[in-house]
Amino acid sequence: MAATPAADSRLLVIYASETGNAMDAAERVGRQAERGGCPAVDVLPMDSFDPSCLPSERFVVFVVSTTGQGDPPDSMKGFWRYLLKKNLGARWLEGVRYAVFGLGDSGYQKYNFAAKKLDKRLLHLGAEPIIQVGLGDDQHPSGYEGALDPWLLSLWESLNQTTPSLLPRMYDIINPDLSVLGDAKVEVIYHSSDKAQQDSNLLDFKNLIQRARSMSPSLQFYNNDKEPHYMLQMVSNRCLTKENSDRDVRHFELENPSSGITYQVGDALEILPSQSPSAVDSFIERCKLDPDCYITVMSFFATAEHEKEKLQYFASPEGRDDLYQYNQKEGRTILEVLDDFPSVQMPFEWLVQLTPPLKKRAFSISSSPLAKPNQIHLTVSIVSWRTPFKRMRRGLCSSWLAGLNPNEENLIPCWVHHGSLPPPHPSTPLILIGPGTGCAPFCAFVAERAAQSTSEATAPILFFFGCRNQENDFLYKDFWYAHAHDQGVLSSKNGGGFFVAFSRDQPQKVYVQHRIREQSARVWNLLKSGAAIYIAGSSTKMPADVTAALEEVICQETGCSEEEASIWLRKLERNGKFHTETWS
């Protein structure tokens, strides 16, 4: 299909992001293309682009992250399903030139799997690669940017050689004039505090959030997600770990004060946190803003020569590694950067343009709508860590939630989305493996099956849980034991079982994979009867170790080879009975 004249002069950048890094990288691709004079640049989230229009494009850059165990981001799944249609021939994308950059972590077995699969499929559909697929690696000293910098330079040089009209100012990409910024793309609008108090729309929380998120260019295509699905009230904030434990895991209960909540087990709840009032006040003071005004946009600059030189060095390819160590490794906030460069006094419009919006955080729902029809429960580890320079950092969303008082009015912007763990049929036997906070979705699964068992026949559940110490972090101990006794859904009388591994309570560390091996016969008997396997928890070594243990069980119980056991599990996955949901 011939490209339209508009497509001949347009560079389309499509991204699929889970945590926001792919979005940041895609926006950088777009900025550099604009700096090079590209007549038209569009940067779009993948789920906002109609894949049937892809043959009409001429130049497309894909930026995609890989999640979990080689999974594509949620925003890529519909696009990917379309590309896999059997009626798309080998010449469907003839005339389309493309480039793919992936963001991943080489510490995982399926490193950059989503990007590699996309690159291969585009090639099979007749598209022509501009350059080889780029593979960003979180393990690199400079993060994914260590690969992005040279990859982008190769991309622009290749495009300039074949289509110089697309980048008429190629020189500005390679040697950018950092003293010229051009015009800001946003406009600041001020409202007096008196007028704002009379504006009912500004006082409507949902409407206010929708309007604020609409200002961000990176969110302008998420029409369905700008306004929260629910504004939930926290009614319980309970610590699950012992007070002197080095970990703080909380149980939160949220409910809708105005109506019901629609969700199913396996879903995830996305939460948009708030900044702390003290941080906002400090930011207002640093930027010399009027705290009595509602402001819709922001940005920054510098005037002292030594600061300007340092910033220009950070912006150069030579300073990329030092910038990564200064900024990303230390997790510096915008306010901290501004404090390090006190001469920065740029129009506020630029600060907003360059400041990314707060990202929503997703948590596995740990309640069942059958058991708790107007509530959503969460199991959240309160994140904290020390940077290389020993600064204490805390996760924004988890710390914000932990600081909310259920006895005070609080409204939490929330969105409900399907997760990676589809709800099982009541007649399907289950093998659940969820160490640590990985138990969260399985609290929901067990509660759901217990509710179902009061009115219909249900299949048994084997649940493998793990934590460090029985005394310190045995999450939901009473809940599990209650369902493992008598006629509970985890009871051995009903064919189920609850098995826990305390990794630090004995000299030899014991993990969930050890318990799986110990229960080899029971695991295999349930697998033979059609069980589905669900794994949730940390995305480091656990999923691979658990999978290896399951393969050993199959080998031991059937006498097959390791390769045959691996094939058996892959077939289980293809049949929709092997699911994994992991997080870093």
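Which value, in debye to the nearest 20, gives the size of the charge dipole of the chain about its Cα centre, when Lys and Arg are +1 and Asp and Glu are -1 at the Cβ?
Here the size comes out at about 1500 debye.
Using alpha-carbon pairs under 8 Å, 6+ residues apart, how would you state the relative contact order of the chain in percent?
12 percent.
Among VAL41, VAL100, ALA90, flag the residue with its Cα farthest along the positive direction of the charge dipole of the stretch 8-174, charges on Cβ as +1 for Lys/Arg and -1 for Asp/Glu.
ALA90
Sorted from largest to smallest, which semi-axis lengths in Å does the alpha carbon gyration tensor of the stretch 428-491 give for its equivalent ellipsoid, taking the root of 5 times each eigenvalue?
22, 12, 9
Measure nothing fancy, just the Cα-based angle from helix 542-558's long axis to the longest principal axis of the chain, in degrees from 0 to 90, nearest 10.
Approximately 40 degrees, to the nearest ten.
Over all distinct Cα pairs, what is the inverse of the mean 1/r for the stretch 46-120, reported as the Kirkwood hydrodynamic radius in Å?
One over the average 1/r among Cα pairs gives 13.1 Å for the stretch 46-120.
Per the helix-only calculation at 222 nm, which mean residue ellipticity applies to the chain, given -39500 (n - 2.57) for every DSSP H run of n ≥ 4 and division by its residues, nearest 500 deg cm²/dmol?
Working: 21 runs with 200 residues, N = 584.
That calculation yields -10000 deg cm²/dmol at 222 nm.
Indicate, rounded to the nearest 5 percent, the antiparallel portion of the DSSP beta bridges found entirely in the stretch 4-79.
If I count the DSSP bridges inside the stretch 4-79, around 10 percent turn out antiparallel.
Can you list the GluC sites (Glu not before Pro) in the stretch 451-537 that are in a DSSP coil and have 16 or fewer other beta carbons within 10 angstrom? Don't skip to the answer; put the middle values down first.
Numbers: sites: GLU456, GLU471, GLU518; in loops: GLU456, GLU471.
Within the stretch 451-537, the qualifying GluC sites (Glu not before Pro) (loop, at most 16 other Cβ atoms within 10 Å) are GLU456, GLU471.
Any idea what the relative contact order of the stretch 1-124 is, in percent, if you count C-alpha pairs under 8 Å spaced at least 6 apart? Before the final figure, lay out the partial values.
Details: 227 pairs, mean separation 37.0, N = 124.
Result for the stretch 1-124 is 30 percent.
Let me know the volume per residue of the alpha-carbon convex hull for the stretch 310-415, in Å³.
Hull volume over Cα atoms, normalised by residue count, gives 173 Å³.
Mind checking the dipole of the stretch 299-437: about its Cα centre, +1 per Lys or Arg Cβ, -1 per Asp or Glu Cβ, Debye to the nearest 20?
Rounded to the nearest 20 debye, it is 660 debye.
Summing +1 for each Lys or Arg and -1 for each Asp or Glu, what net charge is found among the other residues whose Cβ lies under 14 Å from the Cβ of ASN410?
Once all neighbours under 14 Å are counted, the net charge is -4.
Give me, ordered by chain and number, the residues 5 or more places off GLU128 or on other chains with an amide H under 5 Å from its own placed amide H.
Here the answer is GLY95, VAL96, ARG97, TYR98, since their amide H atoms fall under 5 Å of that of GLU128.
Quick check: the angle from helix 205-214's long axis to the longest principal axis of the chain, C-alpha only, nearest 10 degrees?
50 degrees
Taking the stretch 341-494 on its own, what percent of its Cα-Cα pair distances exceed 22 Å?
Percent of Cα pairs beyond 22 Å in the stretch 341-494: 57.
State the percentage of accessible surface on the chain attributable to carbon and sulfur atoms; use a 1.4 Å probe and exclude ligands, DNA and RNA.
49 percent
Report the Cα centroid-to-centroid distance between the stretch 74-101 and the stretch 312-343 in angstrom, as an integer.
Each part reduced to its Cα centre gives a spacing of 38 Å.
What number in nm² do you get for the stretch 8-174 if you take the convex hull of its Cα atoms and divide its surface by four?
Result: 8.8 nm².
Report, as a whole number in µm² per second, the diffusion coefficient that Stokes-Einstein gives for the stretch 529-584 at 10 °C and 1.306 mPa s using the Kirkwood radius over alpha carbon pairs.
Working: Rh = 11.8 Å.
Rounded, D is 135 µm²/s.
Relative contact order for the stretch 430-582: what percent, with Cα pairs under 8 Å and sequence separation of 6 or more?
25 percent
If you take every DSSP beta bridge fully contained in the chain, what fraction is antiparallel? Give it as a percent rounded to 5.
Beta bridges within the chain, antiparallel portion: roughly 45 percent.
Determine the sum of side-chain charges near SER539: Lys and Arg each +1, Asp and Glu each -1, restricted to other residues whose C-beta is under 13 angstrom from that of SER539. Let's see the in-between values first.
Details: positive: LYS110, LYS541; negative: GLU18, ASP71, ASP105, ASP138, ASP545, GLU581.
After counting each charged neighbour, the total is -4.
At 1.4 Å probe size, what's the solvent-accessible area of THR241? Round to the nearest 10 Å².
10 Å²
Sorted by mean Cβ packing within 10 Å, highest first, what order do the peptides 445-451, 503-509 take?
Those peptides, ordered most packed to least, come out 445-451, 503-509.
Let me know the Kirkwood hydrodynamic radius for the chain, please, with Cα pairs as the basis and the value in Å to one decimal.
So the Kirkwood estimate lands at 26.5 Å.
Can you give the local net charge around PHE442? Use residues other than it whose beta-carbon is closer than 13 angstrom to its beta-carbon, Lys and Arg +1, Asp and Glu -1.
-1
Per residue, how big is the convex hull around the C-alpha atoms of the stretch 430-582? Give it to me in cubic angstrom, could you?
About 112 Å³ per residue, rounded to a whole number.
Around VAL235, which amide H atoms from residues at least 5 apart in sequence, or from another chain, sit under 5 Å from its own amide H, with H modelled in the peptide plane?
The list, which skips near neighbours in sequence, is GLU253, LEU254, GLU255.
Over the stretch 430-582, with the other protein chains present, what is the accessible area per residue in square angstrom, probe 1.4 angstrom?
On the way: 6670 Å² over 153 residues.
With all protein chains present, the stretch 430-582 gives 44 Å² per residue.
The values are calculated or read from the model by the stated rules, or taken from the named source; none is laboratory data. Since this is a predicted model, take the numbers as computed values, not measurements. A quick note on method: Cβ atoms are made from the backbone with ideal geometry, for glycine too, and the neighbour counts reach across all protein chains shown. The protein model used for the area step is the full one, side chains on, heavy atoms only, and it has no ligands, DNA or RNA in it. Shrake-Rupley method; radii C 1.70, N 1.55, O 1.52, S 1.80 Å.
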